[in-house]
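Visitor: Mind having a look at this structure? Questions to follow.
Nothing in this text is a laboratory measurement; each read-out follows from the coordinates by a stated rule. Fair warning: this is a prediction, and the values are worked out from it, not measured in the lab. Don't worry about glycine lacking a Cβ; one is built from the backbone with ideal geometry, like all the others, and counts go over all protein chains shown.
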């Protein structure tokens, strides 16, 4: 009688490393970042500066506004990422959501056919003037969720980084004002009752990533 194979659990550190590898694979194979110089390439530096180091955890949750605001250091100065690189990233992000919508699942960046598929999409289907619609929105047809992304245009950049414990009172006030401006104040209201599960989940994910990127360890 055969024995059942043991299930090997992946540690958080291993999954993080794997997701970082997915992003690097996508940048090199699809976004034309030279493998020999990826550590110093403007695209990698700009994404890293914005806290985008993983594919499924970070990149896939970016917005067009996030990409448009990317910057990197050049000659000691902070400069905007070149337009052609921004357009490449926007097109690839739109492609990922387009493919995920068709397949009802995430994109496999290890698929060897992906670069050719992306080129076809970019040349024939991609419209840089259109908003990038996350595939989960297209699947759910949730009007509240669509309206929040379209009308409010949530931006993590509006939330200021927190680095000094002594400034917590001021930071908290600014944080709450920003939540109110983006129609997210209910997320910190203990009496709030969820009426739209898809919208609530999307807003929670957005705020979670924002906090992770902006709440720096205090010295």
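Visitor: Any idea how far the Cα center of the stretch 44-119 sits from the one of the stretch 185-213, in Å?
Guide: With the stretch 44-119 and the stretch 185-213 each reduced to a Cα centre, they are spaced 24 Å.
Visitor: What's the extension gain from residue 36 to residue 101 if we count 0.36 nm per residue and subtract their Cα-Cα distance?
Guide: Between residue 36 and residue 101, full extension yields 20.1 nm more.
Visitor: Which distance in nm do the two modelled labels at residue 208 and residue 172 give, with both placed 7 Å along the Cα-to-Cβ direction?
Guide: Each label point lies 7 Å from its Cα, and together they span 2.4 nm.
Visitor: Multiplying the sequence separation of residue 129 and residue 56 by 0.36 nm and subtracting their Cα-Cα distance, what value in nm do you get?
Guide: 23.8 nm
Visitor: Report the full-extension gain for the segment residue 65 to residue 181: residue separation times 0.36 nm, less the Cα-Cα distance, to one decimal in nm.
Guide: 40.1 nm
Visitor: Using Cβ counts within 10 Å as a stand-in for footprinting exposure, how do 169, 177, 67 rank, fewest first?
Guide: So the ranking, lowest neighbour count to highest, is 169, 177, 67.
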